[in-house]
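Asker: Structure incoming, see below.
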Amino acid sequence: MKGTTHALIGTTTGLMTASIYQTDLSSMSLLVAIGTVSGLIPDLDIDGKLSNRITFSKKFLQIVSQSIAIFIIAYSLFTGIGMEKWIGVGAGITIIIISSLIRQRRMLTITGIGVLVGGQSLEENWIWLLGIYIIIASFVSHRSYTHSILGIIFFGVIASSLEKSLVLDGVFVTCILGYISHLIADMKVFPVNKRGIKLFLPFSRKQF
């Protein structure tokens, strides 16, 4: 299922929840936004538009890293003495090699770490929990753990913490409905899906 479809379904869950809770316009707008994001979140486990939008591009990281590496090499050559000079040169070369090998998926890992640290600094549980979710998503294969019951439970913990932080009824329900809507839309029962989701990982790899 395409990302735009998932986003639209998520938006609908936000509108439905706002209607049920009879929220005001500003709260409804927030629930719609939360529903839209929740409907897309499971696809953080793939190198795609969503993961790319929340990370710096691989090219950007390479340019920054290699610029720093060149500076280190030049600085070491001109100011270093003896072994110190060659350690600096070696460090610069190592940075260039590593930055040339990094993949966009690892940029998602770095983003997750940043969100985790940011959440701890702000003392917001939902933010650092989301950071952990992003880190996990950057390592698992597509339509695996983020598309399972374990994924729903983990995101439910994030959603519960977010609702407490925002002090807004309906946030948890919107998050869960948006997330589950994504999983349902990715099931094999729909002809557009060539493969389904492994709902009961790690206990079963059967696709639904």
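The values are calculated or read from the model by the stated rules, or taken from the named source; none is laboratory data. All values derive from a computational prediction rather than experimental measurement. Cβ coordinates were reconstructed from backbone atoms using ideal geometry, including for glycine residues, and neighbour counts include every protein chain displayed.
Residue-wise test of (1) outside the structural domain of residue 38 (by TED's automatic domain parsing); (2) of a type in the set (D, E, K, R); (3) touching an Asp or Glu at 6+ places or on another chain (Cβ under 9 Å).
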site	(1), (2), (3)
133	no, no, no
137	no, no, yes
141	no, no, yes
167	no, no, no
190	yes, no, no
202	yes, no, no
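Asker: Does region 161-172 contain at least one residue that is surrounded by fewer than 19 Cβ atoms within 10 Å (Cβ to Cβ), part of a loop (DSSP other than H, G, I, E, B), more than 13 Å from the chain's Cα centre (by Cα) and modelled with pLDDT under 90?
Answerer: no
Asker: Could you pull out the residue among 127, 132, 176, 158 that is crowded, with 21+ Cβ neighbours inside 10 Å, within 25 Å of residue 55 (Cα to Cα) and touching a helix residue (DSSP H, G or I) at 6+ places or on another chain (Cβ under 7 Å)?
Answerer: 158 is the lone residue from the list that is crowded, with 21+ Cβ neighbours inside 10 Å, within 25 Å of residue 55 (Cα to Cα) and touching a helix residue (DSSP H, G or I) at 6+ places or on another chain (Cβ under 7 Å).
Asker: Continuing with the same structure: Is there a residue in region 81-96 that is over 32 Å from the mean Cα position of the chain (by Cα), farther than 30 Å from residue 156 by Cα and not in a helix (DSSP H, G or I)?
Answerer: Looking for residues that are over 32 Å from the mean Cα position of the chain (by Cα), farther than 30 Å from residue 156 by Cα and not in a helix (DSSP H, G or I), one finds at least one in region 81-96, hence yes.
Asker: Quick test for you: out of 158, 184, pick the one residue that is in contact (Cβ under 8 Å) with a residue 12 or more places away in the chain and either out of contact with any Asp or Glu (no Cβ under 8 Å at 6 or more places or on another chain) or under 23 Å from residue 10 (Cβ atoms) (or both).
Answerer: Residue meeting the stated conditions: 158.
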